[in-house]
Each structure stands twice: as C-alpha cells, then as structure tokens.
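One structure is given below, encoded as structure tokens.
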Amino acid sequence: MPAIRFTAMPAEAATALWNGATDAYDHPPERTISSGEGTPCRHCLGFIAAGESMLVLAYRPFPQRQPYAETGPIFLHGGPCPRYEAVETLPPMLASPDYILRGYDENDRIVYGTGAVTPTEQIAARAATLLVRPEIAYVHVRSARNNCYQCRIDRA
C-alpha cells in the first residue's frame, strides 16, 4: 500500500483570501465569528474555536472549471494559520463518524465506482487502497452529510 498524505488547501489560495481575494464565485468571503461548532478550517485542518474570526466562502478545489469541478462552501480562519503538513496522520477536523471518499483521475474527473461512505477510522486504509490504482491521481474527503469538501489525500 502506498504511503498517503492529507493535503490541505494550498497556502497561496488561503493567503490570497486573507488578503482580500474573491472566492470561486467572484464574491468576497463573508467574515463572521465562529460558534465553535462544526467549523473546520481547510488550511490548518483544525477547528476554528468559538469566538474566533472566520471566513465563509465558495471554494473549488480543482485547478479549472469543468463539469466535475464541484464548488461548495468552506470555512477558513479569519487570519493566517499554519498549513496542515502531517503525513498519514488523520487531521483533527475529521471528527465525524464517517466521510465520503472519492477518487479522481489526472484530468480531475471522478473515477466512477470509487465513491463510498467510509467510517473515519478506515479513511487512511480506504485511501491507500484507492491510490494503488494507477488511474486514481488523488482522493477527496467530503462530508457524508452535506458533501462539503474537507481535504485531499495524495500519495506521500
């Protein structure tokens, strides 16, 4: 099985948003205060604590628009936070009982038949199994309840 890496949103994208860039729909991110419940930051892959400033925005975790390039809401700390860099360590924000894992090819297209609701404790093993397949370039972790993008998993 290949070693895996949980990959956070690119630092360049987060920095641009913190510095006033618009989101995937060309709107400024909404600035609000976290309630501390269910607000995972897609850059540090931790939770945004109650009372902390945060951004809510539309994010497209794909390099360009195309039919499979899903766009959806995400949370980001209101100011700079360290980018998650651990290899093979489940990010703190993955605290729900399960998530959808889905494989994508080198053209950023869904590899049909790879999507499955996966118990959280089985995410690493399922991702490694998918990444053995040569047609799968990377895996997305998405909310099993709302399909929100959480993070990406790559070969380490």
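Where a number appears in this text, it was derived from the coordinates with a stated rule and is not lab data. Since this is a predicted model, take the numbers as computed values, not measurements. Neighbour counts run over all protein chains shown; Cβ positions are idealised from the backbone, glycine included.
Here the Karplus relation 6.51 cos²θ - 1.76 cosθ + 1.60, evaluated at θ = phi - 60°, turns the backbone of the stretch 128-142 into coupling constants of 4, 4, 5, 6, 5, 6, x, 7, 9, 8, 6, 10, 9, 9, 10 Hz, with x for every Gly and Pro.
Rounded to the nearest Hz, the phi-derived 3J(HN,Hα) couplings of the stretch 11-17 under the Karplus curve 6.51 cos²θ - 1.76 cosθ + 1.60 (θ = phi - 60°) are 4, 4, 5, 5, 4, 4, 5, where x marks glycine and proline. Given [x] -0.54, -1.24; [y] -0.63, -1.24; [z] -0.48, -1.33 as candidate values of log10 I(q)/I(0) by the Debye sum over Cα atoms at q = 0.12, 0.20 Å⁻¹, which corresponds to the one derived from the coordinates? Only one option fits the structure, namely [z].
When 12, 30 are arranged by Cβ crowding within 10 Å, least crowded first, meaning fewest neighbours, the order is 12, 30.
Here the residues 1, 54, ranked from fewest to most Cβ neighbours within 10 Å of their Cβ, fall in the order 1, 54. Over all directions, the projected convex hull of the C-alpha atoms in the stretch 39-108 averages 5.9 nm² in area. For the stretch 89-156, the Cα-based Rg and Dmax, in that order, read 11.0, 30 Å.
If the Kirkwood radius is taken over C-alpha pairs of the stretch 7-77, then at 37 °C and 0.692 mPa s the Stokes-Einstein diffusion coefficient equals 264 µm²/s. Only DSSP H runs of four or more residues enter the estimate; each adds -39500 (n - 2.57), and after division by the residues of the chain the mean residue ellipticity at 222 nm equals -3000 deg cm²/dmol.
Separation of the stretch 92-156 and the stretch 43-83, taken as the distance between their Cα centroids, equals 17 angstrom.
Within a 10 angstrom radius of the beta carbon, how do 83, 31, 42 rank from fewest other beta carbons to most? Kindly include the intermediate steps, with their values, before the conclusion.
Values: 83 15, 31 11, 42 24.
So the ranking, lowest neighbour count to highest, is 31, 83, 42.
For residue 98, the amide hydrogen comes within under 5 Å of the amide hydrogens of 120, counting only partners 5 or more places away or on other chains and with H modelled in the peptide plane. Amide H contacts of residue 39: 48, each under 5 Å away and 5 or more positions distant or on a separate chain (H built 1.01 Å from N in the peptide plane; Pro and chain starts excluded). Converting phi to 3J(HN,Hα) with the Karplus coefficients 6.51, -1.76 and 1.60 and the offset θ = phi - 60°, the stretch 148-156 yields 5, 5, 10, 6, 10, 10, 10, 5, 6 Hz in sequence order, with x at every glycine or proline.
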